[in-house]
Amino acid sequence: MTEHEHARSVFLVGLKNAHAMEKQALSIMQPQVNRLTHYPDLSQRLRSHITETETQISRLDEVLKSLGESSSPLKDSLLSAFGSMAALGHVTAEDEVLKNSFANLAFENYEIGAYISLITAARASGESGAVTLLEQSLDEERRMAEWVAEHIPSVTETFISLTGAGERAKV
């Protein structure tokens, strides 16, 4: 196998993994957004990012199709299930909204790393046509990570205020 063929193979596996990663992201965000009552800014931003994530999945489908490939239903299903379990893991915590915010920041940074790697593999494999689409997704993930990081203080302050007043503030 030539270096170019190997790079293409790495790129294809990465695309399928990214598709499953984005499906996992949806399965993490959707339960959160449905449970937020005291955090309207967070709810609105998550809803917006869900739409972005659906568009990212479409972009990945477009790139895969252009290469004569498709996503991996098994990977998509498994990672979606893991994402749902991860989302449920914080439900019992009194500070659920804080734990979700930390996990969201970590996951956004994971996605950033995945897109940087995909762009590098696309270039190494000569699939430069995919780079623009992948860069759009990378930019969206960077903006979301920045937003989450910037809003952890306000989410924490709201949580403290509500719990201090004896209200249920976890979501």
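The values are calculated or read from the model by the stated rules, or taken from the named source; none is laboratory data. Owing to the predicted nature of the structure, the values given are computational and were not obtained by experimental measurement. For neighbour counting, all protein chains shown are included, and Cβ atoms are generated from backbone atoms with ideal geometry for every residue, glycine included.
At a glance:
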{"item": "Flag for ALA130 being at pLDDT 95 or above and either crowded, with 18+ Cβ neighbours inside 10 Å or more than 30 Å from SER9 (Cα to Cα) (or both)", "result": "yes"}
{"item": "Close pairs from segment 122-149: first free of Cβ contacts under 8 Å to residues at least 60 places away in the same chain, partner among the aromatic types (Phe, Trp, Tyr), Cβ under 6 Å, at least 6 apart", "result": "LEU138/TYR115"}
{"item": "Scope segment 94-109; condition without any contact (Cβ under 8 Å) to a residue 40 or more places away in the chain and exposed (fewer than 15 other Cβ atoms within 10 Å of the Cβ); matching residues", "result": "ALA106"}
{"item": "Residue match in segment 110-125 (condition: surrounded by fewer than 21 Cβ atoms within 10 Å (Cβ to Cβ) and either modelled with pLDDT under 90 or of a type in the set (D, E, K, R) (or both))", "result": "yes"}
{"item": "Matching residues, segment 56-74, being among the hydroxyl-bearing types (Ser, Thr, Tyr), in a helix (DSSP H, G or I) and free of Cβ contacts under 8 Å to residues at least 24 places away in the same chain", "result": "SER58"}
{"item": "Matching residues, segment 117-156, being polar (S, T, N, Q) and not in a helix (DSSP H, G or I)", "result": "SER125"}
{"item": "Sole exception among (1) within 16 Å of ALA18 (Cα to Cα); (2) aliphatic (A, V, I, L, M); (3) modelled with pLDDT under 95 for ALA169, by number", "result": "(1)"}
{"item": "Members of segment 32-66 that are farther than 18 Å from PRO153 by Cα and small (Gly, Ala, Ser)", "result": "SER48, SER58, SER66"}
{"item": "Those residues of segment 29-48 which are in a helix (DSSP H, G or I) and over 17 Å from TRP147 (Cα atoms), in sequence order", "result": "GLN30, PRO31, ASN34, ARG35"}
{"item": "Residue pairs meeting the criteria (Cβ under 6 Å; at least 6 apart or on separate chains; first modelled with pLDDT of 95 or more, in segment 1-14; second among the aromatic types (Phe, Trp, Tyr))", "result": "none"}
